[in-house]
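J.: Please see the structure below; I have some questions.
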Amino acid sequence: MSGRVVVVGAGLAGAKTVEALREGGFDGDVVLLGAETDRPYERPPLSKGYLLGNDARDAAFVHDAGWYAAHDVDLRTGTTVTALDLGARDVVDESGGRTAFDHLVLATGSEPRRLDVPGAGLDGVVYLRTLGDSDRLRAALTADRRVVVVGGGWIGLEVAAAGRAAGAHVTVLVRDVLPLVGVLGPELAALFADLHREHGVDLRTRADVVEIVAAGDGTSVGGVALEDGTVVPADLVVVGIGAAPRTALAEHARLHVEDGVVVDQHLRSSHPRVLAVGDIARAAHPLLGTHVRVEHWANALNQPATAAATILGRDEPYDRLPYFFTDQYDLGMEYVGHTGGGYDEVVVRGDLVARELVAFWRRDGRVVAGMNVNVWDVVDDVQALIRSGAVVDRERLADPDVPLGSLTGA
């Protein structure tokens, strides 16, 4: 197949899209446009192995430096796309240059939500999204530094763990009753709260930030003021209050946007020649029966194969279950499934106190999501259980002596 495919966004999703096109036999022009000056890299290491100092910087890159030229991919870093001219089938960049396309793939990712309080622009208030952000944060996490993390999501808790590993004094401020309660529910969120407190984190819940207080120099961070009048001393404030999909290009081009670019199960948008992958794609899921947008590494890794197949005229819908993972202190976790439709209960198999378990979220007797904590090689069985739609006996589900693989026909 010939023609030209232009991919906007040179992160993991963009890099895997051009890779999948070449591996799928596409022999036309491939252009990959990225606003950052670095070649495409993965983001999980930024708050995990690289931030902790366990992984080399080069390990984050998707391909080695010569891969793009070797595969005839026109990689243009430092190029910001400002508009999509869908009528002319052109991508417009900040210099006014136009790049024509036969198919366009949007992989623009997401951006951190900004803290909107007085003092949020002071020196020492940082966000973690780019490799450069991780470089700076890694250098700033030093022994005895007073670090305040605003937000108790995955990024915030991973940064907290990295800070404690570096010997910093870490306070985590969470607006809700527990960190991660919106994702895991109260049953499992308490596990992560206890984990961080045991490792010396000052975890404060129901904490509303009203101001970032300046130090004596008037330009840098000195503390974080809370609604109850408390001021938490700080040398560094890391904001991790979620992310928003970068959909401005799609909106201005009048694509269907609703909490992301709305796409079908083949990742096609409302324009037949425009596709979306990764954080911005709100995709119809054939198994879940709804549109799902997931801001996790696995989507950026796996959706590009479907996008490439669609461009190449192959019928390969994206039906992988949402998946994410985290590593914090001595805890490793994998989660698969989707509880967007709600759940009735959580069933735990294993030892919650020792943090060696598999947890299952059930609705109408069926498993809709599962999480393994310090228990390995079970993700495939959990996925099979979810996909089966089987009504599972609660006692057998909770019994570690009952093989998971035997439950799909229960």
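J.: Looking at Leu157, Leu203 in this structure, which one is part of a strand (DSSP E or B) and open to solvent by less than 40 Å² (accessible area, probe 1.4 Å)?
T.: Leu203
J.: From the residues in the range 272-298 that are without any contact (Cβ under 8 Å) to a residue 40 or more places away in the chain and open to solvent by 20 Å² or more (accessible area, probe 1.4 Å), which one is nearest to the chain's Cα centre (by Cα)?
T.: Here the answer is His296.
J.: Of the residues Arg43, Arg22, only one is open to solvent by 10 Å² or more (accessible area, probe 1.4 Å), modelled with pLDDT of 95 or more and touching a helix residue (DSSP H, G or I) at 6+ places or on another chain (Cβ under 9 Å); which?
T.: Just a single option satisfies the conditions, and that option is Arg22.
J.: Among the residues that make up the range 220-237, is at least one of them assigned to a strand (DSSP E or B) and under 19 Å from Gly9 (Cα atoms)?
T.: Looking through the range 220-237, none of the residues is assigned to a strand (DSSP E or B) and under 19 Å from Gly9 (Cα atoms).
J.: Sticking with this structure for a sec: Can you name every residue in the range 353-373 that is open to solvent by 50 Å² or more (accessible area, probe 1.4 Å) and at positive phi?
T.: Hit for the range 353-373 is Asp364, nothing else.
J.: Sticking with this structure for a sec: With (1) out of contact with any Lys or Arg (no Cβ under 8 Å at 6 or more places or on another chain); (2) assigned to a loop (DSSP other than H, G, I, E, B); (3) of a type outside the set (A, V, I, L, M, F, W, C) as the list, and Asp74 as the residue in question, which single condition is left unmet?
T.: Unmet for Asp74, out of (1) out of contact with any Lys or Arg (no Cβ under 8 Å at 6 or more places or on another chain); (2) assigned to a loop (DSSP other than H, G, I, E, B); (3) of a type outside the set (A, V, I, L, M, F, W, C): (2).
J.: Another one. Has the range 63-76 got any residue that is open to solvent by less than 70 Å² (accessible area, probe 1.4 Å) and of a type in the set (D, E, K, R)?
T.: Yes: one or more hits.
J.: Further, regarding this structure: Among Val257, Val231, which is β-branched (Val, Ile, Thr) and under 30 Å from Arg136 (Cβ atoms)?
T.: One residue alone meets the criteria, Val231.
J.: Look through the range 257-271, keep the residues that are touching a residue at least 60 places away in the same chain (Cβ under 8 Å) and in contact with a strand residue (DSSP E or B) (Cβ under 7 Å, 6 or more places away or on another chain), and return whichever of them is most open to solvent (accessible area, probe 1.4 Å).
T.: Ser269
J.: Could you check how many residues of the range 25-40 are open to solvent by less than 10 Å² (accessible area, probe 1.4 Å), free of Cβ contacts under 8 Å to residues at least 60 places away in the same chain and in contact with a Leu (Cβ under 7 Å, 6 or more places away or on another chain)?
T.: Qualifying residue count, the range 25-40: 3.
J.: For the range 311-329: of the residues being open to solvent by less than 20 Å² (accessible area, probe 1.4 Å) and either in contact with a Cys (Cβ under 9 Å, 6 or more places away or on another chain) or not in a strand (DSSP E or B) (or both), which is nearest to Leu191 (Cα to Cα)?
T.: It comes out as Pro322.
J.: Determine the pairs where a residue that is under 20 Å from Gly240 (Cα atoms), located within the range 46-59, has a partner that is β-branched (Val, Ile, Thr) and open to solvent by 20 Å² or more (accessible area, probe 1.4 Å) with Cβ atoms under 6 Å apart, the partner being 6 or more residues away or on another chain.
T.: Once the first residue is under 20 Å from Gly240 (Cα atoms) and sits in the range 46-59, its partners that are β-branched (Val, Ile, Thr) and open to solvent by 20 Å² or more (accessible area, probe 1.4 Å) give Ser47/Ile155.
J.: Still on this structure, please answer the following. Just checking, which of Gly405, Gly341, Gly350 is in contact (Cβ under 8 Å) with a residue 24 or more places away in the chain, in a loop (DSSP other than H, G, I, E, B) and open to solvent by 20 Å² or more (accessible area, probe 1.4 Å)?
T.: Gly341
J.: Then there is this: Restricted to the range 79-134, and to residues that are basic (Lys, Arg) and more than 30 Å from Ile311 (Cα to Cα), which residue is farthest from the chain's Cα centre (by Cα)?
T.: Arg114
J.: Is at least one residue of the range 304-317 of a type in the set (D, E, K, R), touching a residue at least 12 places away in the same chain (Cβ under 8 Å) and in contact with a Ser or Thr (Cβ under 8 Å, 6 or more places away or on another chain)?
T.: Yes, some residue in the range 304-317 is of a type in the set (D, E, K, R), touching a residue at least 12 places away in the same chain (Cβ under 8 Å) and in contact with a Ser or Thr (Cβ under 8 Å, 6 or more places away or on another chain).
The values are calculated or read from the model by the stated rules, or taken from the named source; none is laboratory data. In this text the structure is predicted, and so the values were computed from the model without any measurement. Virtual Cβ from ideal backbone geometry, glycine too; neighbours counted across all protein chains shown. Ligands, DNA and RNA are stripped out before the accessible areas are found, and what is left, the full protein with its side chains, is counted by its heavy atoms. Shrake-Rupley method; radii C 1.70, N 1.55, O 1.52, S 1.80 Å.
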